[in-house]
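The values are calculated or read from the model by the stated rules, or taken from the named source; none is laboratory data. Bear in mind the structure is a predicted one, so any value in this text is a computation, not a measurement. Cβ placement follows ideal geometry from the backbone for every residue including glycine, while neighbour counts extend to all protein chains displayed. With ligands, DNA and RNA removed, areas are computed over all heavy atoms of the protein, side chains included. Shrake-Rupley method; radii C 1.70, N 1.55, O 1.52, S 1.80 Å.
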Amino acid sequence: MSGLSVSTELNAVTERFRQAPKQYDAVLLASFGGPEGQDDVIPFLRNVTRGRGIPDERLEEVSHHYRAFGGISPINQQNRDLKAALEAELAARGIELPVLWGNRNWDPYMAPVLQDAYDAGHRSLLMLTTSAYTCYSSCRQYREDIGIALTESGLDGKLEVDKVRAYFDHPGFIEPFVEGTAAGLAKVRAELAAAGTPDAPVRVLFATHSIPTRDAEAAGASVDEPREFEGNSAYVAQHLANARAIMAAVAPDVEWDLVYQSRSGAPHIPWLEPDINDHLEVLAGQGLKGAVIVPLGFVSDHMEVAWDLDTEALETCRNLGIAATRVPTPGTHATFVSGLVDLICERTVEQHVADRPHATELGPWYDVLPAGCSENFRGAKPVIAENGSTIGTGHAAYPVAEDAK
């Protein structure tokens, strides 16, 4: 075992919106999507920035990280590999659930995937996203995409779609990071020892995608949420709690920080900080000689990892004379894949898994999100898996536990 402390104690707050197990026809693996060639880059970026009025000239300026990889984002192959791994794990357990795959911003798009599912005879889907945390872009936007696709296609009331809980602190997601962080510390310390500085200071940097401060403050916030989150944000609190759990299992005495990456948008809009590269410069000035970069916010080695960490952040470390390594993401790690199937089994009638393990005091997270959680500041849209919504349910509102009414 990894030494990670795991609990199966139920959370009185999140239990209010727990869904009873159901009979599902298929699993929907939902992801961000990415270009698969140079000609796809600008159309893909148009999809990502739709509604913001950003001209192609500006998009071309920010396309360089995709261009550097031949216009191909790693995320699509990562998702193909994850889909195959999920199918293999389901089959190994004797669970007959096909795995479908849909993207928000590139082929295969959500709407035709849902239509194909319905045409194939499926009537109840369970969505599993490649985002583990709670904020607008990593949770609500996926639920809106499904809600919009169902309503615009006329499938609402005909096709039910639910979502597994946010799995940020599920041990299947956390344990690969525990393993990788331990290996990363050993590697950096070996490099420092080989350089004749075995006692040089080493720090662990937990990296995640920055988001606008306004979105961070809305993450997890709703009229039905009684808790106050560290950093005034469920998104921030979830990352901090995970980092503490990992370091308690690996190296309680090693210092660490939560840092952010991949900032975009207008410079006058505040985003979560510190930026990883800026923070590395500060730490180097304080004498830091070794860094272990943990991509805590990411499921797989997609572009934000391949470019922002492996290219930019590691180059910053080299320029500053810091021995550094980047820990792998969960990807198709056997523990991660098994954990995802456990999450599916939490929600199914057959092969039901009653325990809901979690590695922080924040979990297990909600099955059905509180109304208005992680608000969309551009206006309300049809949304699934939310208290009071009838979208994706067959037009019966999501049930609420008696003590939450």
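Using +1 at the C-beta of Lys and Arg and -1 at the C-beta of Asp and Glu, which of 351, 205, 306 has the Cα lying farthest in the positive direction of the dipole of the chain? After comparing all options, I get 351. Electrostatic tally near residue 136: other residues with Cβ closer than 14 Å to its Cβ, Lys and Arg +1, Asp and Glu -1, net 0. Peptides 256-266, 115-125 ranked from most to least packed, by the mean per-residue count of other Cβ atoms within 10 Å: 256-266, 115-125.
When a 1.4 Å probe is rolled over the protein heavy atoms, the share of accessible surface on the chain that falls to carbon and sulfur comes to 50 percent.
What would the Debye formula give as log10 I(q)/I(0) at q = 0.09, 0.14, 0.16, 0.20 Å⁻¹ for the alpha-carbon point model of region 273-405, no solvent? For region 273-405 at q = 0.09, 0.14, 0.16, 0.20 Å⁻¹, log10 I(q)/I(0) is -0.49, -0.91, -1.01, -1.18.
Excluding same-chain residues fewer than 8 positions from residue 289, which lysines have a Cα within less than 19 Å of its Cα? Within the straight-line cut-off, residue 289 pairs with 187.
Candidates 363, 12, 42 compared by Cα position along the dipole of the chain: farthest toward the positive end lies 12, with charges placed on Cβ. Rounded, prolate or oblate: which fits region 168-293 when a ≥ b ≥ c are the square roots of the eigenvalues of the alpha-carbon gyration tensor, with rounded for a/c under 1.5 and prolate only if a/b beats b/c? Because a/c hits 1.5 or more and a/b fails to exceed b/c, region 168-293 counts as oblate. Residue ranking by accessible heavy-atom surface, 1.4 Å probe, largest first, among 233, 131 comes out as 131, 233. Accessible surface comparison of 311, 393, probe 1.4 Å, protein chains only, largest first: the order is 311, 393. Rounded, prolate or oblate: which fits region 119-222 when a ≥ b ≥ c are the square roots of the eigenvalues of the alpha-carbon gyration tensor, with rounded for a/c under 1.5 and prolate only if a/b beats b/c? Verdict is prolate for region 119-222. Judged by the ratio a/c of the largest to the smallest principal axis of the C-alpha gyration tensor, region 161-200 counts as prolate, that ratio being 1.5 or greater while a/b is larger than b/c. Charging the Cβ of each Asp and Glu at -1 and of each Lys and Arg at +1, and nothing else, the dipole of region 66-194 about its Cα centre rounds to 340 debye. Placing a label point 7 Å from the Cα of residue 351 along the Cα-to-Cβ direction, the residues of region 94-121 whose backbone N falls under 16 Å from that point are 94-100. Compared with the alpha-carbon gap, the fully stretched path from residue 194 to residue 60 is longer by 43.9 nm at 0.36 nm per residue. The protection proxy used here, the mean number of other Cβ atoms lying within 10 Å of each residue, ranks peptides 69-78, 55-64, 315-324 as follows, highest first: 69-78, 315-324, 55-64. Can you give the angle from 0 to 90° between the axis of helix 334-346 and the longest principal axis of the chain, with both taken from C-alpha atoms, to the nearest 10? Taking the Cα atoms of the chain, the angle to 334-346 is about 30 degrees.
Note on the chain: antiparallel DSSP beta bridges, both residues inside, total approximately 10 percent of the bridges counted. Can you give the local net charge around residue 9? Use residues other than it whose beta-carbon is closer than 12 angstrom to its beta-carbon, Lys and Arg +1, Asp and Glu -1. Surrounding charge for residue 9 is -2.
On a per residue basis, the chain carries 41 Å² of accessible surface, using protein heavy atoms and a 1.4 Å probe. Note on residue 158: lysines with a C-alpha under 28 Å away, same-chain residues under 8 apart excluded, are 22, 83, 381, 405. Placing a label point 7 Å from the Cα of residue 268 along the Cα-to-Cβ direction, the residues of region 55-86 with a backbone N closer than 18 Å are 55.
Placing unit charges on each Cβ (+1 for Lys and Arg, -1 for Asp and Glu) gives region 105-216 a dipole about its Cα centre, and among 183, 170, 105 the Cα reaching farthest toward its positive end belongs to 183.
Which one, (1) 21.1; (2) 19.9; (3) 18.2, gives mean projected area of the Cα convex hull in nm² as derived from the coordinates shown? It is the one labelled (2). The value of relative contact order for the chain, using C-alpha pairs under 8 Å at least six residues apart, is 28 percent.
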